[in-house]
Amino acid sequence: MNKLVELIVTLLNAILKILKGNKPSLKLPHPEEKPDYNLTVDSINVENLMNEWLATYDVPAEYHSYWKEHCHIIVSKQYPFPAATSAQTQTIYIRPEWANPGVIAHEICHIIWDELPETAKNTFEDDLYNARKSDPLITLAWDTIPYMKTNDIEAHAECYRYVGQAIPDSMKTYYPKLF
Ligand SMILES: [Zn+2]
C-alpha cells in the first residue's frame, strides 16, 4: 500500500513539474537596469537620456516636445541616492551611474504626481488596489518590488517604471501625456 501511495505522489509531482514548465513565466516589461559605473557627469548627454526614456517607454511622439520643455535633467553626484526630483521646479537630479530610462521614468512620475488634481491623488490607492487584484503585471510588480509599498507616491512611480505602457487602462488617467 505504501508503495502505491509513493508511486501516486511521484506521478503527481511529475505532472506538476510538466504543468509548471509549460506555463510561460510573466516578466515585468522594464526590469531594473544595473548601475553603469563607467558613466560620468561629463559623459552623459541629458537630451539623449531624455530621448532614450521617450523611446524605451513608447511615449507618443506628440508629447515628446512637451516633456523636453517641461522637465529638466541635471546629472549630479550631490545626492547619495540614485536620483532626486524637485517637483516644484520639474528638475530631476540623477547620479551618472543611474542615468538610465527606468530611473528617469520613475522620477518623471514624481513631477506628474505633484501636478495631479487632489481628487486623483485620493482615488489612486483604490485604483491601484483594484489593479493589484485584476492585472497580472501590477500584481507581479507589487509582489516583487518592495519599494512599491513605501507610499502612494512611490507606488505611482514604480508602477510606471516597471510596467510602462502595459499599465492597465484603469490607471492611465494617473499618467497624463504618457500614453
Ligand atoms: Zn521615488
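A short reminder: the numbers here are calculations on the coordinates, not readings from a lab. This structure is a prediction, so every number in the text was calculated from the model and none was measured. Neighbour counts run over all protein chains shown; Cβ positions are idealised from the backbone, glycine included.
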For a test of understanding, tell me how many lysine pairs in the chain have Cα atoms under 26 Å apart, given they are 8 or more places apart or on different chains. 25
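Taking every DSSP beta bridge with both residues inside the range 51-107, roughly what % is antiparallel (nearest 5)? Mind dumping the intermediate values first?
On the way: 4 of 8 bridges.
Of all bridge pairs located within the range 51-107, approximately 50 percent are antiparallel.
Please report the antiparallel percentage of DSSP beta bridges with both residues in the chain, rounded to the nearest 5. Spell out each step's value before the answer.
On the way: 4 of 8 bridges.
That works out to approximately 50 percent antiparallel.
Go through the range 1-104 and name the chymotrypsin sites (Phe, Trp or Tyr not before Pro) that are in a DSSP coil and have 13 or fewer other Cβ atoms within 10 Å of their Cβ.
Tyr37
Using Cα pairs under 8 angstrom and six or more residues apart, how large is the relative contact order of the chain, in percent?
Numbers: 207 pairs, mean separation 44.2, N = 179.
25 percent.
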Hz values of 3J(HN,Hα) by residue in the range 78-87 - Karplus curve (6.51, -1.76, 1.60), Gly and Pro given as x: 6, 10, x, 9, x, 7, 9, 10, 9, 5
Two pseudo-spin positions, 7 Å from Cα along C-beta at Asp58 and at Lys27, lie apart in nanometres by 1.6 nm
Given the Cα-Cα distance of Leu7 and Thr91 and 0.36 nm per residue of separation, how much length would full extension add, in nm? 23.8 nm
Using the Karplus curve 6.51 cos²θ - 1.76 cosθ + 1.60 with θ = phi - 60°, what ³J(HN,Hα) values do you get for each residue of the range 163-179, in whole Hz, with x for Gly and Pro? 9, x, 5, 8, 4, x, 3, 5, 10, 5, 4, 7, 10, x, 6, 10, 10
Selected from Ala157, Ala14, Ala131 as most flexible by GNM, with the chain as the system and alpha-carbon contacts under 10 Å: Ala14
